[in-house]
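Trainee: Next up is a structure, given as structure tokens.
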Amino acid sequence: MRSFFKDLSLSTFVAGFVAVLVGFTSSVAIVFQAAQAFHATPGQVTSWIWALGLGMGLCSLVPSMLMRQPVMVAWSTPGAAVLATAGASGAFSMADAVGAFMICALLIAVAGATGWFERVMNRIPAAVASALLAGVLTRFGMDTFAATATAPALVLLMLASYLLARRFLARYAVVIALAAGVLYVAATGRMAWHGMAVGLAEPMFTMPSFSWGGLVSLALPLFIVTMASQNLPGAAVIRASGYPLPISPLITMTGVAGLVLAPFGAFALNLSAITAAICMGPQAHEDRTRRYTAAACCGLLYIGIGIFGAVVTALLTAFPRELVVAIVGLALLGTIGTGLAAALREEAHRDAALITFLVTLSGVTLAGVGSAFWGVVAGSVALLVQQYGKRPVPGA
């Protein structure tokens with residue numbers, strides 16, 4: 001523990017805070033919608049946040065501290081969207097949903113324990129994985145500048161603060177940009193403090209119900225989109241960031257944690273991509289061996305969200321959307337640049353990497369599966385067509 005406080009710095013703490021801010025505010029509305037689609041009571045909605053916060057927090061904090069490497073776990077945002085859509089039909093109860101959560105978690109644990117997911121990841125070239133990372137993140141960088149349409153003063157102030165800090169205090173550039181944004185919205189009265197409530201979250205157990213309909217309509221779609229749209233880019237971020245983390249045990253860990261917490265509302269836990277890039281990138285700390293403290297701080301904050309439930313939810317969602325969008329893009333600039341440079345470095349893989357990048361960036365969804373998966377498929381097909389059977393040129 002002493003070494004943790006020695007390695008902890010303001011920049012790593014802010015990286016962890018930004019990761020929580022981004023991960024929570026960007027998709028908590030979808031989680032609420034998914035819970036309400038199964039006619040959740042206010043107490044059950046709070047229990048969902050408790051279970052998800054505790055699961056994400058412990059699965060990020062514990063392995064980060066044990067391995068001294070940043071491990072980031074999040075809830076499945078596309079999984080929540082699948083649940084919200086399926087639950088809107090009115091054909092499934094909360095008990096059916098919890099049964100589906102448990103089946104999905106069991107499948108994720110099996111995917112990790114058998115090692116098949118990691119074997120697939122090992123066959124993806126580094127250029128394609130880096131292009132996938134850049135494609136996933138670039139949209140957030142673009143959103144930063146698009147936000148000037150609705151809040152030009154705020155975004156330009158944050159951008160100017162970031163650029164000046166990058167020159168004179170590069171290590172604290174994101175910290176200074178965030179502080180400038182918070183001070184501005186506080187001074188202009190744009191913080192949405194309404195809805196604040198004080199109280200601890202109480203977990204509520206729901207007895208699961210298992211059915212063929214729940215398996216086909218809820219559990220399998222939830223498993224597929226979580227693996228393809230969340231764990232795949234999450235593993236790509238780990239590989240592209242250069243951390244030798246054991247992918248299979250981490251996948252197994254998220255499955256087991258999801259299985260335990262599913263009766264309380266943890267619908268799916270998975271490796272994070274966006275928030276992981278924030279904590280694993282150079283903006284968190286120039287020394288990569290100290291970036292684990294950013295993930296650990298993120299885990300502690302997630303646990304706090306789970307424990308305090310409603311009050312933390314209201315606090316984090318009080319920030320204007322433009323501030324959140326802007327700080328995300330600025331925090332990811334370095335990682336986007338690194339990903340693009342690695343993707344395009346080798347000419348033999350350049351076309352496949354570009355196709356992966358563009359398909360991922362497009363946001364296309366086919367058969368309910370997001371663009372991250374289809375980007376890898378398109379890039380792998382391009383690489384197969386161009387490179388299969390070719391012999392290396394002597395002396396090349």
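Trainee: What is the distance in Å between the Cα centroid of region 5-65 and that of region 119-137?
Mentor: 26
Trainee: Another question about this same structure. Residue by residue through region 11-18, what is 3J(HN,Hα) from phi via Karplus (6.51 cos²θ - 1.76 cosθ + 1.60, θ = phi - 60°)? Round to whole Hz and write x for glycine and proline.
Mentor: These are the phi-based 3J(HN,Hα) values: 5, 6, 5, 5, 4, x, 5, 4 Hz.
Trainee: How much length is gained if the chain between T85 and A160 is pulled fully straight, taking 0.36 nm per residue apart and subtracting their Cα-Cα distance, in nm to one decimal?
Mentor: In short, 22.9 nm is gained.
Trainee: Okay, moving on. When the chain is modelled as a GNM with alpha-carbon springs shorter than 10 Å, which of P263, P282, P42 fluctuates the most?
Mentor: P42
Trainee: In what sequence, largest accessible area first, do E346, E202 appear using a 1.4 Å probe?
Mentor: Details: E346 105, E202 135 Å².
Descending order: E202, E346.
Trainee: Right, something else. Binning at 10 angstrom from zero up to the longest distance, how are the C-alpha pair distances of region 86-226 distributed in percent?
Mentor: Percent of pairs per bin, in order: 9, 19, 19, 25, 24, 3, 0.
Trainee: Kirkwood hydrodynamic radius of region 9-85 from all distinct Cα pairs, in Å?
Mentor: After inverting the pairwise mean of 1/r, the radius is 13.6 Å.
Trainee: Rounded to the nearest whole Å², what accessible area per residue is found for region 1-103 with the 1.4 Å probe? Could you put the intermediate results ahead of the total?
Mentor: Numbers: 3620 Å² over 103 residues.
That works out to 35 Å² for each residue.
Trainee: Excluding A372 itself, calculate the net charge of residues whose Cβ lies under 15 Å from the Cβ of A372, where each Lys or Arg counts +1 and each Asp or Glu counts -1.
Mentor: Value of the local net charge: +2.
Trainee: Here is a follow-up. Counting only residues 5 or more places away or on other chains, whose amide H sits under 5 Å from the amide H of V73 once H atoms are built in the peptide plane?
Mentor: Here the answer is S60, S272, since their amide H atoms fall under 5 Å of that of V73.
Trainee: Want the number for A348 to M207: 0.36 nm per residue separation, take away the alpha-carbon distance, what's left?
Mentor: Numbers: separation 141, 0.36 × 141 = 50.76 nm, distance 5.41 nm.
Here the answer is 45.3 nm.
Trainee: In the Gaussian network model of the chain, springs joining C-alpha atoms below 10 Å, which of G255, G90, G181 carries the largest mean-square fluctuation?
Mentor: G90
Trainee: Now a separate question. Could you list log10 I(q)/I(0) for region 236-364 at q = 0.12, 0.22 Å⁻¹, which the Debye formula gives when each Cα is one point scatterer?
Mentor: -0.63, -1.44
Trainee: Answer with one residue from M204, L332, A35: the one whose Cα lies farthest towards the positive end of the charge dipole of the chain, charges on Cβ with Lys, Arg +1 and Asp, Glu -1.
Mentor: L332
Trainee: Let me ask you something else. I want to verify a result. In a Gaussian network model of the chain, Cα cutoff 10 Å, which of these has the top mean-square fluctuation: P221, P203, P244?
Mentor: Maximum among the listed residues: P244.
Trainee: How large is the accessible surface of I238 in square angstrom, using a 1.4 angstrom probe and rounding to the nearest 10?
Mentor: Its accessible surface works out to 10 Å², give or take rounding.
Trainee: Below 15 angstrom from the Cβ of R291, what's the summed charge of the other residues (Lys, Arg +1; Asp, Glu -1)?
Mentor: Charge balance near R291 sits at +2.
Trainee: To the nearest 20 Debye, how big is the dipole of the chain about its Cα centre, given +1 on the beta carbon of each Lys and Arg and -1 on that of each Asp and Glu?
Mentor: Dipole about the Cα centre, nearest 20: 860 debye.
Trainee: Sort F357, F210 from largest to smallest accessible area, using a 1.4 Å probe on the heavy atoms of the protein chains.
Mentor: Highest to lowest solvent-accessible surface, that is F210, F357.
Trainee: What are the ³J(HN,Hα) values, in whole Hz, obtained from phi via the Karplus relation 6.51 cos²θ - 1.76 cosθ + 1.60 with θ = phi - 60°, for each residue of region 293-308 in sequence order, with x given for Gly and Pro?
Mentor: Calculated HN-Hα couplings, in order: 5, 5, 5, 5, 4, 4, x, 4, 5, 5, 4, x, 4, x, 6, 9 Hz.
Trainee: What order do L366, L271, L383 take when sorted by accessible area (1.4 Å probe), most exposed first?
Mentor: Correct descending sequence by accessible area is L366, L383, L271.
The values are calculated or read from the model by the stated rules, or taken from the named source; none is laboratory data. Source: prediction; values computed, not measured. Neighbour counts run over all protein chains shown; Cβ positions are idealised from the backbone, glycine included. Note: accessible area is taken over every heavy atom of the protein model, side chains too, but ligands, DNA and RNA are not part of it. Shrake-Rupley method; radii C 1.70, N 1.55, O 1.52, S 1.80 Å.
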